[in-house]
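Q: Pasting a structure here, questions to come.
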Amino acid sequence: MAPASKSSMQRACAAALVRRGLSLLRNPGRSNDDQAAIGVIRGLGADITGQADGSLRISSHGVQPVQTEIHCGESGLGIRMFTPLVALSEKRITINGEGSLRNRPMDFFDEVLPQLGVEVRSQQGRLPLQIRGPLRPKNIEIDGSLSSQFLTGLLMAYSAAGASDVAIRVRNLTSRPYVDLTLKVMRDFGLNVPDNNGYESFYFTAPPSEDALSTVDYTVEGDWSGAAFLLVTGAIAGSISIKGLDIHSTQADRAVLEALSAAGADVKLAPDHINIGPAALRAFQFDATNCPDLFPPLVALAAYCRGVSVIKGVGRLAHKESNRALTLQEEFAKMNVEIRLEGDAMLVRGGWEVTGAAVHSHHDHRIAMACAVAALQAQGATSIREAQAVNKSYPDFYQHLQKLGAALQYPVIVGHP
């Protein structure tokens, strides 16, 4: 069963907060990022109770902070999406995080939020932030080249603030599928959804009348980002079947199916599951500019594809939990996999013997998972330092590998599923 999507879960938490009324979240995620999102909306006034079936009942009257500081953990989406929502309040709120999040650039807020009447103080573009609103929607233009997550936060905030006859213009937007996911979640929760004019501007008309008496019943999607590692596992190590994925999802990482097909993997789609098994894998080319989280699982795949695979979009990797281009190059070299960086492309030489090694996650969940998957067919054991980094997005990852038959003695990965 695929894990719950933290992209879907965190957006649903934000939408449940701002819609005013009752929301029921089914299949809620359990990752660290998901728990951080729950903590944020609770701090911003939402009442959350767990139900007997595992779902979450969320009651909200909008953004009404009950805390003077909120903590986004290590979630990049969380800090970028929730900061504009915090700015809906007149109270001065401190926004903080931990780990690599404290080193990620937040200049966007210093530049954009003051245009909307929001007082912002940062530590030279870094956390912690101090925010004081209220945010007032206006016609603005933003740069979307660093991350679409900043736009997600503004779209949610504009909708919550009752934006009417105003537009957000966007230059150089990346990760368009994630914007599609944001708009879909907003629509599912009955929020005011702007007109999307070719991803160049998002125009808000008059907001719809709110029906606070209705209850939104929302099921969090299965996670294509986490499932990508399972799909690659099946392609290189042994046939598996995965349930819980929507093949029509707007999640960007659904594109992993294209890469697997290009590599010659044996993929069969059924209405309620995906079957995937090993085959004679060949080098592939894939553009991951709009789905950069696929780099780690695709590097593990490329390690077993004969020839040189080319993955484009390296420029999107600098501001992740680690600089993933350099981290992948460093850690996979220890496993006898050569990675070259040429401009915006990553070239992975595969088809040679992958060897077990002592590797390090660099506190990056996707690096830990990529090394673990690559280790499944490697010669010799692989040990992963800071292997618990997977808890950020996929806390059950190692247990799922064990269910597939991997010999695992935490944090050592040995054998084949």
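Every residue, every condition in (1) over 20 Å from the mean Cα position of the chain (by Cα); (2) modelled with pLDDT under 95, yes or no:
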{"site": "MET186", "(1), (2)": "no, no"}
{"site": "SER201", "(1), (2)": "yes, no"}
{"site": "SER214", "(1), (2)": "yes, yes"}
{"site": "LEU230", "(1), (2)": "no, no"}
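Q: Let me ask something else. So which residues in the range 326-356 are modelled with pLDDT under 95 and closer than 10 Å to VAL308 by Cα, if there are any at all?
A: GLY351, the sole residue that qualifies.
Q: Let me confirm something: among SER241, SER249, which residue is buried (at least 20 other Cβ atoms within 10 Å of the Cβ), among the polar types (S, T, N, Q) and in the same structural domain as LEU269 (by TED's automatic domain parsing)?
A: Details: SER241 fails: buried (at least 20 other Cβ atoms within 10 Å of the Cβ).
Going through SER241, SER249 in turn, the sole match is SER249.
Q: Checking TRP224 against (1) under 17 Å from the mean Cα position of the chain (by Cα); (2) closer than 30 Å to GLY162 by Cβ; (3) aromatic (Phe, Trp, Tyr): exactly one of these is not met. Which one?
A: Among (1) under 17 Å from the mean Cα position of the chain (by Cα); (2) closer than 30 Å to GLY162 by Cβ; (3) aromatic (Phe, Trp, Tyr), the lone unmet condition for TRP224 is (2).
Q: Residue under question is SER147, and the condition is that it be closer than 24 Å to GLY73 by Cα, touching a Cys at 6+ places or on another chain (Cβ under 9 Å), modelled with pLDDT under 95 and in the same structural domain as GLY73 (by TED's automatic domain parsing); does it hold?
A: Spelling it out, it is not the case that SER147 is closer than 24 Å to GLY73 by Cα, touching a Cys at 6+ places or on another chain (Cβ under 9 Å), modelled with pLDDT under 95 and in the same structural domain as GLY73 (by TED's automatic domain parsing).
Q: Can you confirm whether the range 170-180 contains a residue that is assigned by TED's automatic domain parsing to the domain that holds LEU116 and in a strand (DSSP E or B)?
A: Kept after step one, since they are assigned by TED's automatic domain parsing to the domain that holds LEU116, are these residues of the range 170-180: 170-180.
Applying the additional criterion that residues be in a strand (DSSP E or B) yields 170-171.
Yes; the residues of the range 170-180 include at least one that is assigned by TED's automatic domain parsing to the domain that holds LEU116 and in a strand (DSSP E or B).
Q: Select from the range 10-54 the residues that are of a type in the set (Gly, Ala, Ser), closer than 19 Å to GLN67 by Cβ and touching a residue at least 60 places away in the same chain (Cβ under 8 Å) and list them in ascending order.
A: In the first step, residues of the range 10-54 are kept if they are of a type in the set (Gly, Ala, Ser); the result is 12, 14-16, 21, 23, 29, 31, 36-37, 39, 43, 45-46, 50, 52, 54.
Filter once more, keeping what is closer than 19 Å to GLN67 by Cβ: 14, 16, 36-37, 39, 43, 45-46.
Within the range 10-54, ALA14, ALA16 meet the criteria.
Q: Among residues belonging to the range 363-404 that are closer than 15 Å to MET1 by Cα and over 22 Å from the mean Cα position of the chain (by Cα), point out the one that is surrounded by the most Cβ atoms within 10 Å (Cβ to Cβ).
A: Among them, the one singled out is LEU404.
Q: How many residues are in contact with a Pro (Cβ under 6 Å, 6 or more places away or on another chain) and more than 23 Å from VAL185 (Cβ to Cβ) if we restrict to the range 78-92?
A: 2
Q: I'd like the full set of residues that are in contact with a strand residue (DSSP E or B) (Cβ under 8 Å, 6 or more places away or on another chain) and buried (at least 24 other Cβ atoms within 10 Å of the Cβ), limited to the range 4-18.
A: Of the residues in the range 4-18, the ones in contact with a strand residue (DSSP E or B) (Cβ under 8 Å, 6 or more places away or on another chain) are 4-5, 9, 12-13, 15-18.
Hits for the range 4-18 are ALA4, SER5, MET9, ALA12, CYS13, ALA15, ALA16, LEU17.
Q: Another question, then. Anything in the range 256-299 that is surrounded by fewer than 19 Cβ atoms within 10 Å (Cβ to Cβ), of a type in the set (Gly, Ala, Ser) and in contact (Cβ under 8 Å) with a residue 12 or more places away in the chain? List them, or say none.
A: ALA262, GLY264, GLY277, ALA279, ALA280
The values are calculated or read from the model by the stated rules, or taken from the named source; none is laboratory data. Keep in mind that this is a model prediction, so the values were computed, not measured. Backbone-built Cβ (ideal geometry, glycine too); neighbour counts: all protein chains shown.
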